[in-house]
Amino acid sequence: MDVDEAFLSIGEFGRCQKRLTVFLVLLQVYVACQSMLIVIVGAIPEYHVDIADAADKDIIQHVRFADNFTSIVSEWHLIQHEAYKVNLASSLLFAGLLIGNILFGPLSDKVGRRPIYLTGLFFDVVFGYLTALAPSYEVFAVSRFFVGIMNGGMSLVAFVLTQEYVGKSYWALTGSLTNLTFAVGIAVYALLGFYIRNWRILAFVANSPGVLFFLLSFLLPESPRWLYSRRYTAEAEAVLHRIACGNGKEIPSIKLKECNATPGTAGSARSVFDLVRYGVLLWRTVILMYIWYVCSLVYYGLTLNAGELKGNLYVNVALYGLVEVPAFPLCLFFIEKSWSGRGKSTAGFLVFAGLSCMFTMFLPENNTFYVSSAVLALLGKLSVSAAFNVVYIYTSELYPTVVRNAGLGVCAMACRFGGILAPFVPSMKSLNPSMPFLAFGISGISAGILSLLLPETLNKPIAECIEDLQSPAYQLLNKAKRKEDGT
């Protein structure tokens, strides 16, 4: 039997897998706290300068900050000509995320999911504490860069592990739960910030759950799919047997057939270059990179372009996360339907997000309709959040196991470029007030149309090796599945 058949026999989502999933899903709360840390610890308290014409070098002596909370701004006086340093620290985190996505994906495909995940989580915690204890801004900024590398890479591997511990029919559920918990984690961080007004204590407390997660992570097994794809058949059978016992299944032995990888390829390392070496993978990667880029561009761009939220800082941060929550049950409904699946759901959500942006161009400023430009922008954000969730699941199913992390890493890299460029799109208002929404609309619609060129993966077999994509048996099984689905 292959891995999918083994999961059917031991239980695709039994007690053991539920425990593993809950653990890795809750890890996303920690990931969210680290990712969103700068939103509160970099916030600018109210302040006034006693002497209006004070020189830059003397401003520290004359500035007075409100005492409602502290931040790196109030501690290191990052105001006026120094204000750019807050955004710089945020940019360094995104740069780190970019590097982490590139490095950790291929490494986990080569070395294994578990050791790379443990290493990333360990150093994520270490640099997280360095952030809280940073004696200067320079140390703080450097620590955020390394937190980005570790946090981005570790969370990517954790996501893949979550998928590979369960049967393929539950990938949509576990993938959605991961992204849903990240959104909830943003709200949890806002709650911590509401009660902890000292930025150093807040950073310390937000980082501390990582220690517990790291210690408990030693109980995690290696991915049986990765072991099988590397032809460590005995080790994969042992992990599957352990999961079966955890599920309460009395199975004497699990015998896996040999992986289809050709000799010398399974035992040797696959790399990110395999994504361009094989035509089928190259085509998928180019399209997916653009889709991920657009999802990030539209999501973050709409957040910035919708206008600054007024009111309480902590409520605004919480709403920033909670507004994404309705997107997940929505996408779960569509991606499991045979008439929509992964591909059409991705296309539908992206096109809807694009149209929502385009329609804002035709609304008069003082309209009597119930739908305003702000409502359309929020609908677009909700839709692109749903598309983002589907794309995570869709991408992990489109890549064979041996290059799954490498593929996700490259796509996540494209995603970071979208996030970096998003703040510059609203500046296009200087050319025309509708230009930002036009850019978001065209991007969303074009990405949605391109996603229809990708093969559907709903109820289709998962390729373990690159050779599976071209093997006659795999192609025949795909055709049989399509006939069963009536497609």
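Mind counting the residues in segment 39-57 that are crowded, with 19+ Cβ neighbours inside 10 Å and either at pLDDT below 85 or not in a helix (DSSP H, G or I) (or both)?
Start the filter on segment 39-57 by keeping residues that are crowded, with 19+ Cβ neighbours inside 10 Å, which leaves 40-43.
Filter again for either at pLDDT below 85 or not in a helix (DSSP H, G or I) (or both), leaving 42-43.
Residues that pass the stated criteria total 2.
Can you tell me which residue among Ala190, Ala206, Ala236 is open to solvent by less than 50 Å² (accessible area, probe 1.4 Å) and closer than 22 Å to Met150 by Cα?
Values: Ala190 fails: closer than 22 Å to Met150 by Cα; Ala236 fails: closer than 22 Å to Met150 by Cα.
Every option except Ala206 fails the conditions.
From the list Val294, Val272, Val286, Val317, which residue is at pLDDT below 90 and in a helix (DSSP H, G or I)?
Details: Val294 fails: at pLDDT below 90; Val272 fails: in a helix (DSSP H, G or I); Val286 fails: at pLDDT below 90.
Result of the check over Val294, Val272, Val286, Val317: Val317.
In segment 219-233, what residues are outside any loop (DSSP other than H, G, I, E, B) and surrounded by fewer than 18 Cβ atoms within 10 Å (Cβ to Cβ)?
Answer for segment 219-233, where residues must be outside any loop (DSSP other than H, G, I, E, B) and surrounded by fewer than 18 Cβ atoms within 10 Å (Cβ to Cβ): Leu219, Thr233.
Test of understanding: among Leu191, Leu202, Leu180, Leu216, which residue is modelled with pLDDT under 90 and in a helix (DSSP H, G or I)?
Working: Leu191 fails: modelled with pLDDT under 90; Leu202 fails: modelled with pLDDT under 90; Leu216 fails: modelled with pLDDT under 90.
Of the residues listed, the single one that is modelled with pLDDT under 90 and in a helix (DSSP H, G or I) is Leu180.
Within segment 124-138, work out how many residues are open to solvent by 40 Å² or more (accessible area, probe 1.4 Å) and in a loop (DSSP other than H, G, I, E, B).
The total comes to 1.
Quick check on segment 144-157: of everything there that is closer than 20 Å to Tyr129 by Cβ and open to solvent by less than 10 Å² (accessible area, probe 1.4 Å), which residue is farthest from the chain's Cα centre (by Cα)?
First, the residues of segment 144-157 that are closer than 20 Å to Tyr129 by Cβ: 144-155.
Now drop any that are not open to solvent by less than 10 Å² (accessible area, probe 1.4 Å), which leaves 144, 147-148, 151-154.
Details: Arg144: 18, Val147: 15, Gly148: 13, Asn151: 11, Gly152: 8, Gly153: 10, Met154: 11 Å.
Once the filter is applied, the top-ranked residue is Arg144.
Considering each of Leu93, Leu103 in turn, give the residue that is open to solvent by 50 Å² or more (accessible area, probe 1.4 Å), out of contact with any Asp or Glu (no Cβ under 8 Å at 6 or more places or on another chain) and not basic (Lys, Arg).
Working: Leu93 fails: open to solvent by 50 Å² or more (accessible area, probe 1.4 Å).
Of the residues listed, the single one that is open to solvent by 50 Å² or more (accessible area, probe 1.4 Å), out of contact with any Asp or Glu (no Cβ under 8 Å at 6 or more places or on another chain) and not basic (Lys, Arg) is Leu103.
Taking Phe65 as meeting all but one of (1) modelled with pLDDT of 80 or more; (2) more than 21 Å from Ser155 (Cα to Cα); (3) surrounded by 18 or more Cβ atoms within 10 Å (Cβ to Cβ); (4) of a type outside the set (Ser, Thr, Tyr), write down the number of the exception.
Just one mismatch for Phe65, condition (1).
On the basis of being closer than 15 Å to Tyr299 by Cβ and open to solvent by less than 10 Å² (accessible area, probe 1.4 Å), does Val403 make the cut?
no
Please verify whether segment 433-447 includes one or more residues that are at negative phi, open to solvent by 40 Å² or more (accessible area, probe 1.4 Å), modelled with pLDDT under 90 and not in a helix (DSSP H, G or I).
Yes, that holds for at least one residue.
Do we find a residue being modelled with pLDDT of 85 or more, part of a helix (DSSP H, G or I) and farther than 26 Å from Ala158 by Cβ anywhere in segment 449-461? Don't jump to the end; show me each part of the working.
Of the residues in segment 449-461, the ones modelled with pLDDT of 85 or more are 449-458.
Add one more test, that the residue is part of a helix (DSSP H, G or I), and what stays is 449-451.
After this cut, where a residue has to be farther than 26 Å from Ala158 by Cβ as well, the list is 449-450.
Yes, segment 449-461 contains a residue that is modelled with pLDDT of 85 or more, part of a helix (DSSP H, G or I) and farther than 26 Å from Ala158 by Cβ.
Can you pull out the residues in segment 162-185 that are touching a Leu at 6+ places or on another chain (Cβ under 6 Å) and under 30 Å from Tyr129 (Cα atoms)?
Once the filter is applied, which keeps residues that are touching a Leu at 6+ places or on another chain (Cβ under 6 Å) and under 30 Å from Tyr129 (Cα atoms), segment 162-185 yields Thr162, Ser176.
The values are calculated or read from the model by the stated rules, or taken from the named source; none is laboratory data. As the structure is a prediction and not an experimental result, all values here were calculated from the model. Neighbour counts are summed over all protein chains in view; Cβ atoms, including those assigned to glycine, are modelled from backbone coordinates with ideal geometry. To get the accessible areas, we keep the full protein, side chains included, count just its heavy atoms, and leave off ligands, DNA and RNA. Shrake-Rupley method; radii C 1.70, N 1.55, O 1.52, S 1.80 Å.
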